[in-house]
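The values are calculated or read from the model by the stated rules, or taken from the named source; none is laboratory data. The structure displayed is predicted, hence computed values, not measured ones. As a convention, Cβ positions derive from the backbone with ideal geometry for all residues, glycine included, and neighbour counts pool all protein chains shown.
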Amino acid sequence: MNIGEEPYQLDVTWDIGTMGQSKHHIAHDYFNLTDELMNQDHKADSSLPECKSKKANYYVQRGCSFQMRHRLMAYIDRLIEKNERIYEFRAEGRLNKVAIEKEVADHIVQKLHEQERSSVGIKTCSNRELGIYRIEIS
């Protein structure tokens, strides 16, 4: 699909049937991707226009796509200050390591404990291939 003059990859069918009881959550994992990201676990049946831009990517547009740990943690801290329950972000490059989801979840629990809000439940959902993480506090 094109946004302005730039082509993007989009798969609106990706999460059909995967939501279970959580139909209130819409996964944006495959919205406005580059070819590089889409080709990690999708293969096109035919030739498509080359997609290189990240400008209209869902996570870039929302300001929650990060390459550096300190910026990600500052974003998480802002969400904690706002008493948000859902923490959704994309970790790019080296930041997308196996432990980042646990590191962020532990950080959230620690901050909430400091605020004497220690009896919380944590539910995580991730697409590690794309570096997309969702942490929900209950």
Practice prompt. Report yes if residue 93 is touching a strand residue (DSSP E or B) at 6+ places or on another chain (Cβ under 9 Å) and on the phi > 0 side of the Ramachandran plot, otherwise no.
Written response: no
Practice prompt. Could you check, for segment 45-54, whether at least one of its residues is over 26 Å from residue 26 (Cβ atoms) and surrounded by 13 or more Cβ atoms within 10 Å (Cβ to Cβ)?
Written response: no
Discussion item. Any residue at all in segment 32-43 that's of a type in the set (Ser, Thr, Tyr) and more than 21 Å from residue 122 (Cα to Cα)?
Written reply: yes
Worksheet item: Can you tell me which residue in segment 82-138 is surrounded by the most Cβ atoms within 10 Å (Cβ to Cβ), limited to those that are farther than 18 Å from residue 38 by Cα and among the hydroxyl-bearing types (Ser, Thr, Tyr)?
Response: 87
Discussion item. Looking for something at pLDDT below 95, farther than 19 Å from residue 133 by Cβ and small (Gly, Ala, Ser) - is there at least one such residue anywhere in segment 86-101?
Written reply: no
Worksheet item: Among the residues of segment 62-81, which ones are loosely packed, with under 15 Cβ neighbours inside 10 Å and of a type in the set (S, T, N, Q)?
Response: 67
Discussion item. Considering only residues that are modelled with pLDDT of 75 or more and either in a loop (DSSP other than H, G, I, E, B) or farther than 18 Å from residue 90 by Cα (or both), which ones fall in segment 2-18?
Written reply: 2, 3, 4, 5, 6, 7, 8, 10, 11
